[in-house]
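Beneath this line is the structure, given in structure tokens, with notes to follow.
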Amino acid sequence: MDDIFCKIARGDIPSCKVYEDEYVLAFLDLGQVTKGHTLVIPKKHSTNILDCDEEYLGHVFKAAQKVANALIKTYGATGVNILSNANESAGQSVFHFHVHIIPRYGNDEYLELGFKEHDTSNMDLKAMAEEIAKNI
Ligand code: AMP
């Protein structure tokens, strides 16, 4: 598998690097949903969070924390969304695992994440939790 983020990880395609270590690379997202929007990727290919090995997963999230705190320090972000789309139905467009670090400034209401809560009074949440837990 050799996708665009594999090429960025190897340095074959340029990126605006924010952080790098043996396992991960963090670079600015070309789309800049908000100022400082950064992606963290593992250097070893995986399609998304669902198939990433645990070692790399840990390093990706450690780097995500570093980047998030740096965005707060650098640009005065007041919050941050850390998210990862897995598979097409969830909006994934580049099929190399990446975590979006999207700094929030309190005035970026145009970024609508669109979570809408349902009335769960008719749902058996306890049974659902048990069903899921059986598959972990
Ligand atoms: P997703 O839709 O979650 O798969 O996100 C893919 C992200 O990659 C989008 O936000 C794009 O703006 C970003 N992107 C695609 N190509 C590049 C690139 N060459 N350098 C930086 N960001 C990129």
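Points worth noting:
- Filtering the stretch 8-23 for residues that are touching a residue at least 60 places away in the same chain (Cβ under 8 Å) and either away from the ligand (no atom under 13 Å from the Cβ) or part of a loop (DSSP other than H, G, I, E, B) (or both) leaves an empty set.
- Count - residues of the stretch 31-47 that are more than 21 Å from residue 73 (Cα to Cα), surrounded by fewer than 18 Cβ atoms within 10 Å (Cβ to Cβ) and within 14 Å of the ligand (Cβ to nearest atom): 2
- Taking each residue of the stretch 82-96 that is under 24 Å from residue 66 (Cα atoms) and in contact (Cβ under 8 Å) with a residue 60 or more places away in the chain and looking for partners that are part of a helix (DSSP H, G or I) and more than 8 Å from the ligand (Cβ to nearest atom) with beta-carbon atoms closer than 7 Å, six or more apart or interchain, yields 96/6.
- Of all residues in the stretch 115-136, none that is at pLDDT 95 or above has its Cβ atom under 8 Å from the Cβ atom of a residue that is in a helix (DSSP H, G or I) and surrounded by fewer than 10 Cβ atoms within 10 Å (Cβ to Cβ), 6 or more apart or on another chain.
- The residue of the stretch 88-105 that is surrounded by the most Cβ atoms within 10 Å (Cβ to Cβ), among those that are farther than 15 Å from residue 26 by Cβ and more than 10 Å from the ligand (Cβ to nearest atom), is 104.
- Residue match in the stretch 53-60 (condition: of a type in the set (Phe, Trp, Tyr), closer than 23 Å to residue 7 by Cβ, away from the ligand (no atom under 16 Å from the Cβ) and assigned to a loop (DSSP other than H, G, I, E, B)): no
- Taken together, the residues in the stretch 29-51 that are without any contact (Cβ under 8 Å) to a residue 40 or more places away in the chain and on the phi > 0 side of the Ramachandran plot amount to 1.
The values are calculated or read from the model by the stated rules, or taken from the named source; none is laboratory data. Predicted model only: the values in this text are computed from it and were never measured. Note that we place each Cβ from the backbone using ideal geometry, even for glycine, and neighbour counts take in every protein chain shown.
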